[in-house]
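The structure appears right after this line, and notes come after that.
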Amino acid sequence: SFRVSELQVLLGFAGRNKSGRKHDLLMRALHLLKSGCSPAVQIKIRELYRRRYPRTIEGLSDLSAIKPAVFNLDNSSSPVEPDLAVAGIHPLPSTSVTPQSPSSPVSSVLLQDTKPHFEMQQPSPPIPPVHPDVQLKSLPFYDVLDVLIKPTSLVQSNIQRFQEKFFIFALTPQQVREICISRDFLPGGRRDYTVQVQLRLCLAETSCPQEDNYPNSLCIKVNGKLFPLPGYAPPPKNGIEQKRPGRPLNITSLVRLSSAVPNQISISWASEIGKNYSMSVYLVRQLTSAMLLQRLKMKGIRNPDHSRALIKEKLTADPDSEIATTSLRVSLMCPLGKMRLTIPCRAVTCTHLQCFDAALYLQMNEKKPTWICPVCDKKAAYESLILDGLFMEILNECSDVDEIKFQEDGSWCPMRPKKEAVKVSSPQCTKIESSSVVSKPCSVTVANEANKKKVDVIDLTIESSSDEEEDPPAKRKCIFMSETQGSPTKGVLMYQPPTVRVPSVTTVDAATAAIPPSLTDYPVPFHHPPISSISSDLPG
């Protein structure tokens, strides 16, 4: 009547191979019985059977008959609960017989549940396999050298809320040596091992690779010493304790670095209905962001034609859409460090062309591994990162530009904003030379030749932040002349090209727009038709 999970538990308990189909497992279990098995195995079979089909006890008369038996086994006269009658025995959820370790004087003890009718309504939960087929997500900053304890279920051993399990592992002389010689390699003067013993906890879920996930109220002891969990627990929400974010645990500092003595890990946690967890221990080598960057470079650079094809795809006119995109503007600045890109990189899973700097991205994830794309905020795992060949070419070809524009055919051209102030230094100069402005408004400074002091030009319209965008438009759409230090000779004319409205002014052609020589003699804030009538075509 056993299911696969029960057959696996039984065969694992008896030290037999527990892989294969149900028929094979059943044959193996029957062969185990025929070949004459130990009493412990027979007890295990009964225990599994009773856990599957819990018996209900009629009335309390039977219970009173069993209670004395439990008390007599423990030679203490103290009133102990029947559940805890024998020290060191964890009763199983249903009425069961628990095999003891050889060190215990009591070979086996019948433990009776004190609430038989409660047991009747609640069938015991199915036992998860001892070694579930759990896969953990690989961690980019760690190379796994060895598996010390393969994923093992944290199985409930009683109905109490808090559970505790013990695990033992031993290191080989070679592993001990590797850990010891890896000492003190990390930068920043930290004395640490780069080869580490790493404990990982996750949900016992076999559908997909699992992220690190802690059970509630987790407490870990290594060789009897409490292991402090990393990071801070989030503050309680509505009086409920919040879970810590899961991450791998480096327990090397508490491990006995000797092949002669085994190491013991004790894990206690609060059980949750419907959630099973698994633990595993690995020997890993910690990597730095520089090593990961080197590996990324060795993977090779993505052919520029890939990016060109992506540009053409983005700029191909959609026949159904009324709006056609004819060009794409892309920045050569890294969104993370706000500096010019050096190693342009992005994830293959991202749909945008904008790159970020690989070195900076890896350094940030070394400190706090989030693996989120800084451009689109989607997952950008290390495995999916590529170095963009087209951006490499562009960065090499133009060193003085921070922004470029892609055309429909996949070609590109630099975007050179002209921000230089045009200085009219002599009163005799009648023409203002207009420079072509691409994206930023230009500022025109008018200075007196007699006054040799340098005029400060502060253009308040360049790179305005989002707060300023909300100002009423009237404030921005005006031409004004500001007096510096009350001196009429230092005037700064701020010019904003889009839709300048000047009431009752006749526009004059840019070529004929003249500044009168007497311009600098005006003592009052300056509103005069001749200068106001500079055509709004000035930037062209």
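The values are calculated or read from the model by the stated rules, or taken from the named source; none is laboratory data. Bear in mind the structure is a predicted one, so any value in this text is a computation, not a measurement. No Cβ is skipped: glycine too gets one built from the backbone with ideal geometry, and neighbour counts run over all protein chains shown. Please note that ligands, DNA and RNA were not included when accessible areas were found on the heavy atoms of the full protein model with its side chains. Shrake-Rupley method; radii C 1.70, N 1.55, O 1.52, S 1.80 Å.
General observations
- Members of the stretch 275-292 found to be aliphatic (A, V, I, L, M) and either assigned to a strand (DSSP E or B) or within 30 Å of PHE166 (Cβ to Cβ) (or both), listed by number: MET279, VAL281, LEU283, VAL284
- Within the stretch 139-187, the set of residues being part of a helix (DSSP H, G or I) and touching a residue at least 60 places away in the same chain (Cβ under 8 Å) comprises PRO173, GLN175, VAL176, GLU178, ILE179, CYS180.
- Among the criteria (1) modelled with pLDDT under 95; (2) surrounded by fewer than 17 Cβ atoms within 10 Å (Cβ to Cβ); (3) under 24 Å from ASP143 (Cα atoms), the one GLN264 does not fulfil is (1).
- Residue in the stretch 305-325 that is in contact with a strand residue (DSSP E or B) (Cβ under 9 Å, 6 or more places away or on another chain), in a strand (DSSP E or B) and among the charged types (D, E, K, R) present: no
- Check on ARG295, more than 22 Å from LEU226 (Cβ to Cβ) and part of a strand (DSSP E or B): no
- If you go through the stretch 238-266 and keep only what is within 19 Å of PHE166 (Cβ to Cβ) and part of a strand (DSSP E or B), you end up with LEU249, ASN263, GLN264, ILE265, SER266.
- Residues that are within 21 Å of the chain's Cα centre (by Cα) and within 21 Å of CYS413 (Cβ to Cβ) do occur in the stretch 335-350.
- Pair list, Cβ under 7 Å, 6 or more apart: the stretch 198-216 residue outside the structural domain of VAL176 (by the TED database), other residue surrounded by fewer than 16 Cβ atoms within 10 Å (Cβ to Cβ): none
- Filter result (among the hydroxyl-bearing types (Ser, Thr, Tyr) and touching a residue at least 60 places away in the same chain (Cβ under 8 Å)) within the stretch 321-347: THR326, SER327, SER331
- Qualifying residue in the stretch 280-290 (condition: more than 27 Å from the chain's Cα centre (by Cα) and among the small types (Gly, Ala, Ser)): no
- Restricting the stretch 322-338 to residues that are among the β-branched types (Val, Ile, Thr) and surrounded by 12 or more Cβ atoms within 10 Å (Cβ to Cβ), the residue that is modelled with the highest pLDDT: VAL330
- For the stretch 126-145, residues that are more than 25 Å from the chain's Cα centre (by Cα) and either under 14 Å from VAL281 (Cβ atoms) or surrounded by 15 or more Cβ atoms within 10 Å (Cβ to Cβ) (or both) total 6.
- So LEU7, is it farther than 21 Å from PRO132 by Cβ and either among the aromatic types (Phe, Trp, Tyr) or at pLDDT 85 or above (or both): no
- Qualifying position, being modelled with pLDDT of 50 or more and either closer than 30 Å to ARG247 by Cβ or surrounded by 17 or more Cβ atoms within 10 Å (Cβ to Cβ) (or both), among ILE386, ILE458: ILE386
- Verdict on ARG177 being modelled with pLDDT under 90 and not aliphatic (A, V, I, L, M): no
- Criterion (out of contact with any Cys (no Cβ under 7 Å at 6 or more places or on another chain), open to solvent by less than 40 Å² (accessible area, probe 1.4 Å) and modelled with pLDDT of 95 or more) met by exactly one of LEU362, LEU353: LEU362
- Residue count for the stretch 201-215 satisfying the condition of being within 12 Å of LYS275 (Cβ to Cβ) and part of a loop (DSSP other than H, G, I, E, B): 5.
- If the condition is being within 16 Å of CYS334 (Cα to Cα) and not in a loop (DSSP other than H, G, I, E, B), then the stretch 394-418 contributes ILE394, LEU395, ASN396, GLU403, ILE404.
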